[in-house]
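Below is one structure, written out as structure tokens; the observations come after it.
The values are calculated or read from the model by the stated rules, or taken from the named source; none is laboratory data. Just so we're clear, the structure is a prediction, and the values are computed from it rather than from any experiment. Every residue, glycine as well, gets a Cβ built from its backbone with ideal geometry; the counts of neighbours run over all protein chains shown. To get the accessible areas, we keep the full protein, side chains included, count just its heavy atoms, and leave off ligands, DNA and RNA. Shrake-Rupley method; radii C 1.70, N 1.55, O 1.52, S 1.80 Å.
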Amino acid sequence: MTLKLSNVTAAFYGLTLANVGERFGWKEADAISKSVFRRLGQLKTKEALGLGVDLPRDSRAPALVFITAVHSASPEYKFEVLEYLPDETTIRVFGISRYDRIAKTLNIERHLTWPELIPFFEGAAEELGIKCKVHAELKELGEEGRYECIYRCTL
């Protein structure tokens with residue numbers, strides 16, 4: 001059931017961006033994609049705080065918000081924490097990107113910025129007032145949405 005809901009969410013994302021791109025230009029579609037992920041990071045941070053998750057006010061917080069969001073809503077993503085320190089937190093995200101998969105299905109992936117999750121991490125940090133930089137090393141963006149990316153948050 002969670003996977004089916006995940007697919008619906010991805011379809012809504014992709015179809016909306018395709019419509020925006022066709023009507024207003026692909027630059028606008030990419031800007032909306034980035035904005036959606038940034039605001040999603042902010043929203044998931046508020047939700048985590050509301051649930052009583054103890055979010056440290058350092059580089060670990062954006063990764064922790066991401067992990068709590070993925071654990072409950074993105075069954076095709078897996079993650080591995082590589083570094084979990086106040087000044088630098090690094091996680092490996094891999095599996096299937098529903099966003100890449102729908103973008104490829106709709107033939108719009110070339111119009112969007114990848115990796116798409118950088119603004120999510122940035123939004124989580126912004127929501128908490130943390131001044132950290134988010135770096136990403138995209139390792140794979142393959143067939144059927146295969147995905148691997150290393151995200152590093154540093155103060």
Per DSSP, loop trypsin sites (Lys or Arg not before Pro) in the stretch 108-142 with at most 16 further Cβ within 10 Å: Lys131
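Give me the 1.4 Å probe accessible area per residue for the stretch 1-52, excluding ligands and nucleic acids, in Å². Don't skip to the answer; put the middle values down first.
Values: 3500 Å² over 52 residues.
Heavy-atom accessible area per residue stands at 67 Å².
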Accessible-area composition of the chain, carbon plus sulfur, in percent [1.4 Å probe]: 54
Between helix 118-128 and the chain: long-axis angle, C-alpha atoms, 0 to 90°, nearest 10: 40
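Lys and Arg at +1, Asp and Glu at -1: add these up for the other residues within a Cβ distance under 12 Å of Arg101 and post the number.
Spelling it out: positives minus negatives among the neighbours equals -3.
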Gaussian network model of the chain, springs between alpha carbon atoms under 10 Å - residue of Ala18, Ala31, Ala124 with greatest fluctuation: Ala31
Rounded tilt (10° steps) of 26-50 against the dominant C-alpha axis of the chain: 40
Listed residues Asp100, Asp58, Asp87, most fluctuating in the chain (Gaussian network, C-alpha, under 10 Å): Asp87
Label corresponding to percent of Cα pairs over 24 Å apart when calculated from the structure given, among (i) 43; (ii) 49; (iii) 30: (iii)
Pairs beyond 26 Å (Cα-Cα), from Lys46/Lys139; Lys104/Lys131; Lys34/Lys133: Lys46/Lys139; Lys104/Lys131
Farthest toward positive dipole pole in the chain [+1 Lys/Arg, -1 Asp/Glu at C-beta], among Ile150, Tyr13, Phe94: Tyr13
Label-point separation in nm, Arg146 to Arg110, each point 7 Å along Cα→Cβ: 2.2
Loop-located trypsin sites (Lys or Arg not before Pro) in the stretch 22-70, at most 13 other Cβ atoms within 10 Å (DSSP): Arg57
The chain: angle of helix 60-73 to the longest principal axis, Cα-based, in degrees nearest 10: 50
Label-point separation in nm, Lys46 to Glu22, each point 7 Å along Cα→Cβ: 3.2
For the stretch 1-85, convex hull of alpha carbons as volume per residue, Å³: 114
Residue with peak Gaussian network fluctuation, the chain [Cα springs, cutoff 10 Å], from Leu82, Leu64, Leu141: Leu82
Signed unit charges on C-beta, dipole axis of the stretch 44-132, positive-most listed residue Leu117, Ala73, Leu55: Ala73
Dipole magnitude of the chain, debye to nearest 20 (Cβ charges: Lys/Arg +1, Asp/Glu -1, about Cα centre): 320
Distance from the stretch 38-89 to the stretch 107-130 (C-alpha centre basis), Å: 13
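Rounded, prolate or oblate: which fits the stretch 103-155 when a ≥ b ≥ c are the square roots of the eigenvalues of the alpha-carbon gyration tensor, with rounded for a/c under 1.5 and prolate only if a/b beats b/c?
Details: a/c = 3.47, a/b = 2.03, b/c = 1.71.
Prolate shape, in that a/c is at least 1.5 and a/b is the bigger ratio.
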